[in-house]
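K.L.:
I have a structure I would like to understand better, so I am pasting it below and will then ask my questions one at a time.
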Amino acid sequence: MRANVLVILLLSSACSGATTVDAGPDPSDAGVVMTADANVDAGADAGPTGLTWTSCAWVWDARPGEPNENAECAELEVPLDWDEPAGRTITIDVRRLPSPSPTVTDLFLLNGGPGGSAAGFERLMRSLSPSWRDVRPVLVDARGAGRSTRLGCSAEAADSPGSVSILTEEWESCLADVQSRWGEDLAHFNTTNTARDLLEVARLIREPDVSQIVYGASYGTYWVNRALQLDPHAFDAVVLDGIVNVADPDLTLIDRWHDEVTRSYLALCDLDEECSARLGGDAVAMVEDVLSRVTAGHCSELGDDFEQNNLLLRVAMGALISGSRARAAIPALMYRVDRCSPADVAAVEQVLTLIFGSAEGGPTEPDLFSIVLAHHVTLSELWASPAPSTETLQAIADAAIAHKNIGAQFGARQASWPTYEPDALHGIWATTDVPMLMMNGTLDPQTTIASARAAELAFAGPNQTFVEMPNVGHVTLTNSWTRPNATCAIALLTQFMRGPESTLDTSCVDDIDVLDFELTADYAQAFFGVDETWD
């Protein structure tokens, strides 16, 4: 059951930003050193913005006793087809966290996927708001995802065979549900309409003397680019993090990217005394050997389906490699599988359960992520044309020591999916002179550094700065660690918001420290249920 249902769950992070696996034991630890909470009373208001704001909790899934804040929430009704404003409508969810001091900057935050929700930023923004003081975070969920009108189907019901996960055999009925509800209107869930939604939200929220800065993570960078194509000066400044190559966003290669970055990461293990001693001095060869032996029956205590054990381990490594902290579990995971003591089996089972869920099934609560929207936009706009065959995509995964199990699964559904034809804006970088901060990790398996560098060429004007983060994973905001509760990307974002037209001091890049192959105690407990990484 685990391989059938739960490998599919990882599709939710195909190109996501804030919701990567590197959430750690507590996602709130991704910010700077914590300061006092900001308690701001956000009462109901239908103020000058044109939106009707109501009071709501900022962290939507706050745990009992977890600090939270009062926020302002609104639903904006927009045309399903912006070219037919009198036609069918949908709603866009907008939330903002009032700033402790009078607002100077509205910071719009867009998540990736496609299909992700801006809710992934809630805990991070709650921790940063007290120190930012005059910055008001604004969350916008894309059409089709999150708390906006969401693309979903009955196969995601808790009482369906796969619970909220969609089984392979449920996809046909799921797609039939989606087409029955939306018909040809499904084509309007595209990036251009999503960008027009964002521009309308920004227009309605804009206030005199309050600057507007937009931050896009992963697919969010693609979304921001489309908005800038429609209006090059819609925002006062732009931040792109984990940058999709707009001119060539070929996600048919995503499993290969994960394999290549994992191999590069393991090669760095060979340069670390402790990691090298544990994995024999050639970490890639050791992992390949262990996987081969698992398929032949080694460590059968993990399950009697040896091919499934192999697949789960490779996809687990694909899930972990994106996060600069989480990926430190990869060498220890394979070391433990190789040794396969009873304690190791328990530790490996724990990390697999953390990533995939239990062997009996996956989550039972609905997710804000839309896997339907992920398929719809990816197969229509982010897939190679002509597309590789399913056999070719499966061969890429089969040859990989780590992958996301995305290419062949998405590819198998392409022929039956009601894709839309990309419009004339597709594949083109925007032309804009607004100040821009662009950041990408050099060990990013989802938006590789080689592809992200295209943005540096596209946006090379004054006050447009491209920053490479050495050895950092996907989305630098929560991965470019300089000390336990601070990242270089947060420091640069803070500096950039204070003066988008000022010269950036990028010296924090030299302080990035993410090549520790030893898990911290809390991460070791979260992943393996032990205090020590290796034993």
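The values are calculated or read from the model by the stated rules, or taken from the named source; none is laboratory data. Note that the coordinates shown come from a computational prediction; the quantities given were computed from them, not determined experimentally. Cβ coordinates were reconstructed from backbone atoms using ideal geometry, including for glycine residues, and neighbour counts include every protein chain displayed.
K.L.:
Filter the range 372-395 down to the residues that are closer than 21 Å to residue 260 by Cα and surrounded by 20 or more Cβ atoms within 10 Å (Cβ to Cβ), then identify the one that is farthest from the chain's Cα centre (by Cα).
P.N.:
Per the stated criteria, the residue is 393.
K.L.:
Would you tally the residues in the range 80-96 being in contact (Cβ under 8 Å) with a residue 24 or more places away in the chain and assigned to a strand (DSSP E or B)?
P.N.:
7
K.L.:
(1) surrounded by fewer than 21 Cβ atoms within 10 Å (Cβ to Cβ); (2) in a helix (DSSP H, G or I); (3) among the aliphatic types (A, V, I, L, M): which one isn't true of residue 504, the others all being true?
P.N.:
Result: residue 504 fails condition (2) only.
K.L.:
Say whether the condition of being surrounded by 19 or more Cβ atoms within 10 Å (Cβ to Cβ), in contact with a Leu (Cβ under 6 Å, 6 or more places away or on another chain) and at pLDDT 95 or above is met by at least one residue in the range 481-489.
P.N.:
yes
K.L.:
Now for a separate question. I need the full set of residues from the range 252-306 which are touching a residue at least 40 places away in the same chain (Cβ under 8 Å), assigned to a loop (DSSP other than H, G, I, E, B) and of a type in the set (A, V, I, L, M, F, W, C), in order please.
P.N.:
Residue satisfying the conditions is 299 alone.
K.L.:
Can you find a residue in the range 319-326 that is in contact with a Lys or Arg (Cβ under 8 Å, 6 or more places away or on another chain), part of a helix (DSSP H, G or I), at pLDDT 95 or above and buried (at least 20 other Cβ atoms within 10 Å of the Cβ)?
P.N.:
Checking the range 319-326: at least one residue is in contact with a Lys or Arg (Cβ under 8 Å, 6 or more places away or on another chain), part of a helix (DSSP H, G or I), at pLDDT 95 or above and buried (at least 20 other Cβ atoms within 10 Å of the Cβ).
K.L.:
If we scan the range 491-498, do we find a residue that is outside any helix (DSSP H, G or I) and either of a type in the set (Lys, Arg) or within 20 Å of residue 449 (Cβ to Cβ) (or both)?
P.N.:
Checking the range 491-498: not a single residue is outside any helix (DSSP H, G or I) and either of a type in the set (Lys, Arg) or within 20 Å of residue 449 (Cβ to Cβ) (or both).
Residue-wise test of (1) under 16 Å from residue 514 (Cα atoms); (2) aliphatic (A, V, I, L, M).
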site	(1), (2)
250	no, no
256	no, no
260	no, no
282	no, no
297	no, no
308	no, no
313	no, yes
330	yes, yes
339	no, no
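K.L.:
Tell me yes or no: at least one residue of the range 464-487 is among the hydrophobic types (A, V, I, L, M, F, W, C) and closer than 20 Å to residue 432 by Cβ.
P.N.:
yes
K.L.:
Still on this structure: Just checking: which of the helices (runs of 4 or more DSSP H) contained wholly in the range 160-248 hold 2 or more residues that are over 23 Å from the mean Cα position of the chain (by Cα) and not polar (S, T, N, Q)?
P.N.:
Details: elements: 171-182, 191-205, 219-230.
Helices (runs of 4 or more DSSP H) meeting the threshold: 171-182, 191-205.
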